[in-house]
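Asks: If you scroll down you'll find the structure; I have some questions about it.
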Amino acid sequence: MLTFNTDKYADIAPLLLRIGVGLIFIYAGWGKLTGIEGTIGFFGNIGIPMAAFMAWFVAIVEFVGGIMILAGFRIQIPALLMAIIMVVAIVTTKLGGDDVFRAMRLDLLLLLTSLALIITGSGKISVDGMTAKKD
């Protein structure tokens, strides 16, 4: 039987979660920022109030928050904002179709991973971990 010392590698788990979530949100945020007019139009079409403001807000949160999560710098706030963005994305664009789970699987994974990062924090292999005061 394969044995694995999970205690020895426990600090790698938050790093792996941060890499995945961070890169996906950086990519998504950059796409929104560089195509902001399309993002504003899309938000308006799906009924998001204050579409222009919200498009800029979401784009900046995803891009800057993705960088913060990737680096492991004070991730609880951007991770919470990402989780809220994913809930809104699921409710406004994914529900009501024929195969709801298929439509929302990435959004659901990003929501749950963002929530997990809120709980676990950045971990030791992060900017926060490197700058934490030692007891």
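Asks: Within segment 82-105, work out how many residues are under 25 Å from MET68 (Cα atoms) and of a type in the set (D, E, K, R). Spell out the reasoning first.
Replies: If we filter segment 82-105 for residues that are under 25 Å from MET68 (Cα atoms), which is where we start, we get 82-90, 104-105.
Keeping just the survivors that are of a type in the set (D, E, K, R) gives 105.
Going through segment 82-105 one residue at a time, the tally reaches 1.
Asks: Could you tell me whether segment 102-121 includes any residue that is within 17 Å of LEU16 (Cβ to Cβ), at pLDDT below 95 and not aliphatic (A, V, I, L, M)?
Replies: Checking segment 102-121: at least one residue is within 17 Å of LEU16 (Cβ to Cβ), at pLDDT below 95 and not aliphatic (A, V, I, L, M).
Asks: Test VAL91 against the criterion of being part of a helix (DSSP H, G or I) and either touching a residue at least 60 places away in the same chain (Cβ under 8 Å) or surrounded by fewer than 20 Cβ atoms within 10 Å (Cβ to Cβ) (or both), and give yes or no.
Replies: Values: part of a helix (DSSP H, G or I): yes; either touching a residue at least 60 places away in the same chain (Cβ under 8 Å) or surrounded by fewer than 20 Cβ atoms within 10 Å (Cβ to Cβ) (or both): yes.
Considered against the rule, which asks whether it is part of a helix (DSSP H, G or I) and either touching a residue at least 60 places away in the same chain (Cβ under 8 Å) or surrounded by fewer than 20 Cβ atoms within 10 Å (Cβ to Cβ) (or both), VAL91 comes out as yes.
Asks: With the requirement that a residue be surrounded by fewer than 20 Cβ atoms within 10 Å (Cβ to Cβ), under 14 Å from the mean Cα position of the chain (by Cα) and either among the hydrophobic types (A, V, I, L, M, F, W, C) or not in a helix (DSSP H, G or I) (or both), what does segment 103-130 give you?
Replies: The answer is LEU106, LEU108, LEU109, LEU111, LEU112, LEU115, ALA116, ILE118, ILE119, GLY121.
Asks: Suppose we keep only residues that are charged (D, E, K, R) and touching a helix residue (DSSP H, G or I) at 6+ places or on another chain (Cβ under 9 Å) within segment 1-36. Which one would you say is surrounded by the most Cβ atoms within 10 Å (Cβ to Cβ)? Give the derivation first.
Replies: Looking only at segment 1-36, we keep the residues that are charged (D, E, K, R), and these are 7-8, 11, 18, 32.
Subsequent filtering for residues that are touching a helix residue (DSSP H, G or I) at 6+ places or on another chain (Cβ under 9 Å) retains 11, 18, 32.
Working: ASP11: 13, ARG18: 25, LYS32: 22.
Only one residue fits best here, namely ARG18.
Asks: Determine which member of the set GLY72, GLY47 is closer than 16 Å to ALA89 by Cα, touching a residue at least 12 places away in the same chain (Cβ under 8 Å) and of a type outside the set (Asp, Glu).
Replies: Values: GLY72 fails: closer than 16 Å to ALA89 by Cα.
The conditions single out GLY47.
Asks: Take ALA59 and decide whether it is farther than 18 Å from SER122 by Cα and modelled with pLDDT of 95 or more. Give the steps one after another, and end with the answer.
Replies: Numbers: farther than 18 Å from SER122 by Cα: yes; modelled with pLDDT of 95 or more: yes.
It is true that ALA59 is farther than 18 Å from SER122 by Cα and modelled with pLDDT of 95 or more.
The values are calculated or read from the model by the stated rules, or taken from the named source; none is laboratory data. Source: prediction; values computed, not measured. As a convention, Cβ positions derive from the backbone with ideal geometry for all residues, glycine included, and neighbour counts pool all protein chains shown.
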